[in-house]
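Below: one structure, written as structure tokens.
The numbers here are math on the coordinates, done by the rules we state, and not lab data. The structure displayed is predicted, hence computed values, not measured ones. Note that each Cβ is placed from the backbone with ideal geometry, even for glycine, and that neighbours are counted across all protein chains shown.
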Ligand code: ADP
């Protein structure tokens, strides 16, 4: 199963992805996690990404896409993946389409986690990650509205909308039910 997870920052994509990954037997590939691992290890990629992430801005697409392409080429992603945090722009979606075409694959669906903005702000302030201060959160929500939300139309043919307010278990159950259709 090849899925993209879409939704505003703080929508709970990472939490849902961890559960889905186990149930579906495909790896959870999070660009945010990959960047944070690189920052933690002090790699050149991490050094480049850090200033953008701390400011709540998007890391340049060429850097991000190269990182995703090499991750998707790893053996565990051959039969499927849950892509979390990529694509985040229409340009990135087109790059992903090119990567999939090269390997002769298609996306099975794009799961859209729908959450009200005041709820995501609350969740992000509660989790307290380094880039979760009020100013950065505002920037990221703006980036989501302007750059990422257009993907909902871009993927209209394969979108799977999920109401993502409620308990973790409820949202997982809704997602599993929607994927079975
Ligand atoms: P959230 O979903 O809360 O925004 P992520 O962990 O997905 O958190 O992303 C954290 C940061 O990593 C983003 O604000 C952005 O700076 C960077 N990032 C993640 N994915 C991408 C991407 N596809 N393109 C550019 N930057 C990205």
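From least to most packed, judged by other beta carbons within 10 angstrom and beginning with the fewest, 119, 168, 110 follow the order 168, 119, 110. Between residue 47 and residue 163, the contour length at 0.36 nm per residue exceeds the alpha carbon distance by 38.1 nm.
Highest mean first, the peptides 35-41, 73-79 sorted by other C-beta atoms within 10 Å per residue fall in the order 35-41, 73-79. For region 2-180, relative contact order (Cα pairs under 8 Å, six or more residues apart, normalised by length) works out to 34 percent. Ordered by the number of other Cβ atoms lying within 10 Å of each residue's own Cβ, fewest first, 175, 89 fall into the sequence 89, 175.
Of the peptides 99-107, 53-61, the order by per-residue mean of other Cβ atoms within 10 Å, starting with the highest, comes out as 53-61, 99-107.
Calculated over the chain, the projected area of the Cα convex hull averaged across directions stands at 9.8 nm². Counting neighbouring Cβ atoms within 10 Å and putting the fewest first, the residues 1, 67 line up as 1, 67.
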